[in-house]
Amino acid sequence: MEKRQLLVDMCARRDDAIALWCALRWPDAEVCAVTCVGPDQEEAAARALEVAALAGAKQMPVARGAVQPLLRRGTAVGTARQEKSLPLPDAGRMPAAASAAELIVQTAEQAEGGLTIVTLGPLTNLALAAARDPELGRKLKRVVALGGAIRVPGDVTPVAEANVYADPEAARFVLEAGLPLTLVPLDATRSLSLPVAVEAWPTPLGPVTDVAARLDALAAMLVALCPEAARTERMKLAVECQSALSAGAVLADLRAVPRVGTDVDVCVAVDAAQAYPSLQAIVPGEEGSR
């Protein structure tokens with residue numbers, strides 16, 4: 001069985017760690033590399049290396065990336081979160097020397113059109129990679145990006161979701177860069193309902209709902225790992241970067257004949273039941289787990 005090749009771009013958040021762990025153990029997926037974004041670079045890289053070691057992926061490269069947004073210098077990409085540490089062993093190795101943007105471009109070249117990039121944080125690293133290689137979109141199978149709020153309120157302002165708000169210029173650049181993009185906004189992540197058995201998973205990081213107070217990252221990862229679990233709509237989208245009141249808003253032209261924005265596949269719902277057989281396979285101790 002041919003495995004899905006993934007590159008995961010993540011923050012230091014606990015919910016990103018559980019999403020990465022799921023991808024590393026998914027029966028038909030191979031995580032080729034991890035890149036880190038946000039102010040907690042050292043913690044994010046260490047957490048990614050530790051989760052990789054726990055899942056047996058001790059050779060998987062992990063690269064540090066953007067700390068500041070593309071244009072809004074002097075601010076951090078996202079906000080450092082004070083979260084409880086996870087019960088993870090020391091990975092015993094260091095992050096790669098390459099930057100996140102360099103590793104994204106290199107991994108896309110090596111995958112020869114088979115790579116799916118999953119971004120769980122702000123889109124700064126991916127924007128830098130697309131600027132470095134203008135042909136990146138042609139070299140990727142898919143990009144699944146967690147971000148935005150279409151028909152629901154934002155989570156940091158009335159209209160903006162955290163990942164896009166952290167670097168709206170990067171989000172706009174990615175949207176317009178010709179990448180094979182599927183956006184997973186709050187509309188979809190808040191629709192995710194896990195079976196009780198999955199919520200109580202005894203993962204090495206702790207039960208899923210103890211580790212991840214929010215399931216946004218896991219929802220986006222399921223869209224990448226199990227595309228049949230996602231219900232998508234084609235929309236024209238634009239990112240607001242100028243207004244002080246609405247910076248970071250993802251604007252969808254929902255008119256009968258949309259005219260403004262870039263065509264993007266938008267996930268509007270995630271059905272965990274579709275992914276349940278594979279979810280069962282990665283529970284420690286279950287038959288078929290790796």
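The values are calculated or read from the model by the stated rules, or taken from the named source; none is laboratory data. As the structure is a computational prediction, the values presented were derived from the model and not from experiment. Positions of Cβ are generated from backbone atoms using ideal geometry, with glycine treated the same way; all protein chains shown enter the neighbour counts.
For region 158-196, the set of residues classified as of a type in the set (D, E, K, R) and assigned to a loop (DSSP other than H, G, I, E, B) consists of Glu161, Asp167, Glu176, Arg190, listed by residue number. Restricting attention to region 228-267, the residues being under 27 Å from Ala19 (Cβ atoms), in contact with a helix residue (DSSP H, G or I) (Cβ under 9 Å, 6 or more places away or on another chain) and surrounded by fewer than 18 Cβ atoms within 10 Å (Cβ to Cβ) number 4. Every test in (1) over 21 Å from Lys139 (Cα atoms); (2) touching a Cys at 6+ places or on another chain (Cβ under 9 Å); (3) among the charged types (D, E, K, R); (4) at pLDDT 90 or above is passed by Asp16 save one, and that test is (2).
Scanning region 246-269 for residues that are of a type in the set (A, V, I, L, M) and under 15 Å from Ala149 (Cβ atoms) gives Ala247, Ala249, Val250, Leu251, Ala252, Leu254, Val264, Val266, Val268, Ala269.
The numbered conditions (1) assigned to a helix (DSSP H, G or I); (2) surrounded by 18 or more Cβ atoms within 10 Å (Cβ to Cβ); (3) modelled with pLDDT under 95; (4) touching a helix residue (DSSP H, G or I) at 6+ places or on another chain (Cβ under 6 Å) are all true for Met221 except (3). In region 25-56, of all residues being in a loop (DSSP other than H, G, I, E, B) and either crowded, with 19+ Cβ neighbours inside 10 Å or among the polar types (S, T, N, Q) (or both), the one that is nearest to the chain's Cα centre (by Cα) corresponds to Val37. Residue check: is Glu233 part of a strand (DSSP E or B) and among the acidic types (Asp, Glu)? Considered against the rule, which asks whether it is part of a strand (DSSP E or B) and among the acidic types (Asp, Glu), Glu233 comes out as yes. Scanning region 62-95 for residues that are farther than 12 Å from Ala166 by Cα and crowded, with 21+ Cβ neighbours inside 10 Å, we see that the one that is modelled with the lowest pLDDT is Pro95.
A search for C-beta distances below 6 Å between a residue of region 137-153 that is surrounded by 19 or more Cβ atoms within 10 Å (Cβ to Cβ) and any residue that is of a type in the set (Val, Ile, Thr) and part of a helix (DSSP H, G or I), counting only pairs 6+ apart in sequence or on different chains, returns Val144/Val223; Gly147/Val164; Gly148/Val164. When Val144, Val164, Val196, Val152 are checked against the criterion of being modelled with pLDDT of 95 or more, over 23 Å from Gly38 (Cα atoms) and aliphatic (A, V, I, L, M), a single residue qualifies: Val152. Scan region 230-242 and tell me whether some residue there is in contact with a Pro (Cβ under 6 Å, 6 or more places away or on another chain) and at positive phi. No: zero hits. Each residue in region 116-141 was checked for being touching an Asp or Glu at 6+ places or on another chain (Cβ under 9 Å) and under 24 Å from Glu233 (Cα atoms), and 10 pass.
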